[in-house]
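The values are calculated or read from the model by the stated rules, or taken from the named source; none is laboratory data. Here the structure is a predicted model, which means the values were calculated and not measured. Reconstructed Cβ throughout: ideal geometry from the backbone, glycine too, with neighbour counts over all protein chains shown. For accessibility, only protein heavy atoms count, side chains too; no ligands or nucleic acids. Shrake-Rupley method; radii C 1.70, N 1.55, O 1.52, S 1.80 Å.
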Amino acid sequence: KILLGIKTSPDITSPPQLVLWDVETLQEITPEQLTNCRTAVFSREGSELLSIDNDGLIGIWDTTHLTDNNYTPIKFGGPSTFRAQIASSPDGQWIASAEGTLVSLWQRGNFTDPVHTFSGHEGNITSLQFSSDSKRLLTASRDMTARIWSLGSHDPPLVLRGGHTASLNSSSFDPTGK
């Protein structure tokens, strides 16, 4: 069992850095090549780790090879200074990445270009989450809104706002789908 964390330095010029721990031995096991990543999340089933490195490239890592310094993950997305969030759909078909106020939607098997880009937020996106049925994507933003985007249509998103005067740092669907 592996636990993922993101450590930051008091030195503001140092980028965030991933850290992995073996929960059974309580030892840090972060391979050298993952220390260049600014953020990461495990896929729902735990077989993959999705990362964004310090150049903004998206990586897909097979978790059985995380501690192998010779392993090469799938990399895509091109360099990006602002790519900061990543999520994988529960059905494994989609990967979403947030870059500033935009969300790119990538389809498995075709990482050349995103199949769709969602725009509309007026502040940087702070979190991404797919619905349990993989049909919707929820975003939260510094613009004080959460938005629910339909993956099956080009309809405008449902925009949730009001009742607060601060940016949203995260948002989450009910895991039961209700």
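Taking the residues in the stretch 126-154 that are of a type in the set (D, E, K, R) and touching a Phe, Trp or Tyr at 6+ places or on another chain (Cβ under 9 Å) as candidates, determine which candidate is most open to solvent (accessible area, probe 1.4 Å).
ARG136
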Yes/no for ALA96 being at negative phi and open to solvent by less than 10 Å² (accessible area, probe 1.4 Å): yes
Let me spell it out: the conditions are (1) closer than 22 Å to ASP113 by Cβ; (2) of a type outside the set (Gly, Ala, Ser); (3) within 17 Å of the chain's Cα centre (by Cα), and PHE42 meets all of them except one. Which number is the exception? (1)
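For the stretch 117-177, which strands (runs of 3 or more DSSP E) that fit wholly inside it have 2 or more residues that are touching a strand residue (DSSP E or B) at 6+ places or on another chain (Cβ under 7 Å) and in contact (Cβ under 8 Å) with a residue 24 or more places away in the chain?
Per the criteria, 125-130, 136-141, 146-150.
Report those strands (runs of 3 or more DSSP E) wholly inside the stretch 1-51 carrying at least 2 residues which are exposed (fewer than 13 other Cβ atoms within 10 Å of the Cβ).
Values: elements: 2-7, 17-22, 37-42.
It comes to 2-7.
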Pairs where the first residue, in the stretch 61-78, is closer than 14 Å to CYS37 by Cα and assigned to a strand (DSSP E or B) and the second is at pLDDT 90 or above and of a type in the set (D, E, K, R), C-beta under 7 Å, 6+ apart: TRP61/GLU48
Please list, ordered by first then second residue, the pairs with beta carbon atoms under 8 Å, 6 or more apart or interchain, first in the stretch 1-22 and in contact (Cβ under 8 Å) with a residue 60 or more places away in the chain, second of a type in the set (Val, Ile, Thr). ILE2/VAL23; ILE2/ILE29; ILE2/THR63
